[in-house]
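Accompanying notes for the structure given below.
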Amino acid sequence: MADTTLKEKTSKGLFWGAINHGTTQVLNLVFGIFLARRLTQADYGILAILSIFTLVAGSIQAAGFSQALANMKKPTHNDYNAVFWFNILAGGIMYAILFFSAPLIAMFFHQPVLVDVSRFTFLAFLISAFGIVPNAYLWINLRNRELATANFWGLMISGCTGIWMAYHGFAYWSLAWQQVIYITVVNIIRYYYTRWIPTLPVDFTPIRGMFKFSVKLLLTNILNTVNQKVLTFVFGRIFTINTVGIYDQANKWNTTGSSFISNTINQVAQPVLTAVNNDAQREQRVFRKMTRFTAFLTFPAMFGLAMVAHEFIVITITDYWASCVPLLQILSIGGAFLPFYILHQNMVISHGRSDIYLYCTIGQIIVQLGIVLLFSHWGITTMVMAYSIFTILYLFVWQMVTTPLSRISIWQSLKDILPFLLIAAGCMGGTYIATRSITSLPLLLAIRIVVASLLYFLILKLLHAEILNECLQFAKNKIKKNN
C-alpha cells in the first residue's frame, strides 16, 4: 500500500511538475520571441551581467533552509515561521549591500547604466524573500498543481508587461520590470493557496537546529550560481556587451530546454527520496526509475534542440541572432546531462549529506574556472565547448560519490542512461541527414521535429521500453478520470 501511495504521489507530482515547467517553457518561448525581436544584444547583455549578483544574493537569503525543511518528516509552523523571518532579515541586508555596491558593479563592467537598473532589478530577490516559505510548503507537500498555477499567472502578467514595455521603447527596462512583476504575482498566489501567515514573536531555535545542514547547502548554492554564471561574468569583463548578449540568448534557449526536465524532476526528487531512504531496495528502485525517466526526456529534447537550432533561431527571433546558433548547439549537448546532476544532488541531500554536495560543487567550480581561464584566449566558441565537455565528464564524479548511498554502480547507471542516449542521438542524426536538402526553413523545422519525434517513439515502442509504456498508461488513466 505504501509503495502504491508513493507511486501515485510521485506520478502526480511529476505530471503537475511537467505541466508547470512545460507551461513555463512555452510561455518563455512565446514571450522570448517577441522580446528578442524588439530588444538588442546589448539589452540582454546588461541584464545578463546582473543575474549573477541577483542569484547569489537569493541563495544567501534562502540559506538552504527550504531543503532543510523538506528533510524534516513533519515541519511545524514554528519551523516555517523562523525560516520566514530569517529570509526577510537576510534579504533586506543583501539588498542594502547591493544597492550601495551598484556604482562599483557599473565601474567593473564599464557600463554606467547598471547603477539605476541594478538597484531596481535587485528588488526581485528582496520580494522573493517573502515567498520562499509558501513555496517550500507547497513543494514539500507535492502540491505541484498550485505551484503550476502561480507560475502560469506570474509568467502571463509579467510577460505581457515586458512585451508592452519593449514595444514602447523601454529597452532593457522591460526585462527588469518583467523580473520584478513575475516574482510579485507568484508570491501573492502562493500565499492564496497556502493561507500561511507569519507570526510574532519569532523563535529562531529551529534555525540553529537546521544551520549545520543548511549552511553547507548555502555555500553549495552560491557556488552553483557562480558555476552557472561564470561564463557570463567572464564574458562581461573581457568581451563587449553585445557578445554577452549573444551568449545570454544562446544560454537562455538552452536553459529553457534543460530546466524543463531538471525542474520537473527537482519538484519531486527530494521529498520522494527522503520518504524511502530508510529502505535501501525501495530507494534504489525509485532512483533508477527516475534516472530512466530523465534519460527518456532529456536526450531527445536537448539533442533535438541542437539539431533544429539554426532554423529555430532564424524563424523565431530573426537572423539578427544567428551568431548565437553555434553556441546554442554546443550548450544543448552539455545541457542534456544537467538533469542527472539534479538527481544525484537530491540523493545526497535526502541522506542529510550536504557536505558531499558542497565538496563536489567546490571541485567542479575550481576545475571549471581553470578551464575557462585556460581557454579564454581561444575565443568564445572554444570556451563554451570546453565548458560543456567538462560538464558531461564531471557527471561520473557525482555517480562515484553517490554510489555508497544509492548502492547503484556506474555500470547500472549506464544501462539506464545509454539506451536512451544512443537512440536519441541516432534519431536526431538520421533526421538531420535525411532532411538536409529541404531549403524552406519553416518546412525544415516542422519536418525535423515530426520525423525525429515519431522515429524516437516508434523505436522505443518496438523495443518495449518500460518507461514509455508507463507514461502512456498514466496518460490514459488521466484521460479516463477526466472523462
Give the residues of the range 31-54 whose amide nitrogen is closer than 20 Å to a point set 7 Å from the Cα of TYR320 in the direction of its Cβ.
31-49
If you count only protein heavy atoms and use a 1.4 Å probe, how large is the accessible surface of ASP248, to the nearest 10 Å²?
30
Residues in the range 419-461 that a label on LEU29 would reach, taking backbone N under 12 Å of a point 7 Å out along Cα→Cβ
446, 449-450
Computed on Cα atoms, the radius of gyration and Dmax of the range 366-437 in angstrom are 16.9, 51
For ASP279, the accessible surface traced by a 1.4 Å probe with all protein chains present amounts, in square angstrom to the nearest 10, to 60
Students often get this wrong, so check it: of LYS74/LYS289; LYS229/LYS476; LYS289/LYS476; LYS252/LYS461, which have C-alpha atoms separated by over 29 Å?
LYS229/LYS476; LYS252/LYS461
Expected output is a single nm value to one decimal: the length gained when fully extending between ILE447 and THR199, i.e. 0.36 nm times separation in residues minus the C-alpha distance. What is it?
83.6 nm
By accessible area with a 1.4 Å probe, ligands and nucleic acids excluded, highest first: order of LEU297, LEU50:
LEU297, LEU50
Would you give the gap between the C-alpha center of the range 439-468 and the C-alpha center of the range 120-181, rounded to a whole Å?
34
Please sort 76-89, 311-324 by packing, taking for each peptide the average over its residues of neighbouring beta carbons within 10 angstrom, highest first.
76-89, 311-324
Report the local net charge at ALA166: Lys and Arg +1, Asp and Glu -1, summed over other residues whose C-beta lies under 12 Å from its C-beta.
+1
Test of understanding: what is the full-extension gain from LEU374 to PHE396, defined as 0.36 nm times their sequence separation minus their Cα-Cα distance?
5.7 nm
Per-residue counts of other Cβ atoms within 10 Å, averaged by peptide: what ranking do you get for 125-132, 238-245, 435-442, highest first?
125-132, 238-245, 435-442
Largest to smallest accessible area among MET400, MET156, MET385 [probe 1.4 Å]:
MET400, MET385, MET156
Placing each pseudo-label 7 Å from Cα in the direction of the beta carbon, ASP279 and TYR167 end up separated by a distance in nanometres of 5.5
VAL244: net charge of surrounding residues, Cβ under 14 Å, Lys/Arg +1, Asp/Glu -1, itself excluded?
+1
Determine the share of the range 329-462's accessible area contributed by carbon and sulfur atoms, expressed in whole percent, with a 1.4 angstrom probe.
77
What's the extension gain from THR381 to MET156 if we count 0.36 nm per residue and subtract their Cα-Cα distance?
77.6 nm
SASA check, PHE204, accessible area w/ 1.4 Å probe, all protein chains in place, rounded to nearest 10 Å², comes out at 80
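The values are calculated or read from the model by the stated rules, or taken from the named source; none is laboratory data. Values in this document were obtained by computation on a predicted structure and should not be read as measured data. Every residue, glycine among them, receives a Cβ derived from its backbone with ideal geometry; neighbour counts consider all protein chains shown. What goes into the accessible areas is simple: the full protein's heavy atoms, side chains included, and nothing from ligands, DNA or RNA. Shrake-Rupley method; radii C 1.70, N 1.55, O 1.52, S 1.80 Å.
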